[in-house]
Amino acid sequence: MRLLSLFTFLLLISSCKSNKETTTQATSATSPAPASAPASSSSTANTSSTSSENTGTTGGPETIVIGYEKGACFGTCPVFKMTLNAETNKATYVGTAHVDKVGTYEKAISDEEIMKLKAEFDKAKFLDMNDVYTNEISDLPSTYVSFSMNGKTKTVKERYHAPKELKELELILDKIANSEGWVQIKAQE
């Protein structure tokens, strides 16, 4: 009888924990992940939203900020973060692991280059994409792509089954990250 009571008690506790994890996963899948968010595994979310941030600037390319981050995997996946800021006309790259550029680097980026990137984001209908493309495979690196303009930011987390248009944006951003002209401003700590 004690064994049966213990088994029932453990089953009840296990069920509560499972419901809590499911609720946590559902909540995290519906909110956009910031570019510095850690990788987590959840099923593909079919949500799309744009969050608002008030930057205090108006109009023109000076309000555009594009972020691109690749996270770690169990192997030798490149780990870096890149930000393209039209207001400062600077691109900043922070390489962490398994990349040629380790440390913090900067390079100039023109308004024309930013506007070409904006056109690519528009063409890909980035603002209409889901916030998350992922699944339960734990060894895939997370990639975050974000686009901010006029105080509104959209971030997409991608690990698996991303649309072709998002993959094309990632290739364009990879080309910038691997281009010439970066100047190291700080070594990795």
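Every read-out reported here was derived from the displayed coordinates using simple, explicitly stated rules and does not represent laboratory data. Note that the coordinates shown come from a computational prediction; the quantities given were computed from them, not determined experimentally.
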Does region 57-189 come out rounded, prolate or oblate, given a ≥ b ≥ c as the square roots of the eigenvalues of its C-alpha gyration tensor, rounded meaning a/c under 1.5 and, failing that, prolate meaning a/b above b/c? oblate
Determine the gain in length on full extension of the stretch Ser179-Lys101; use 0.36 nm per residue of separation and subtract their C-alpha separation, reporting nm with one decimal. 27.0 nm
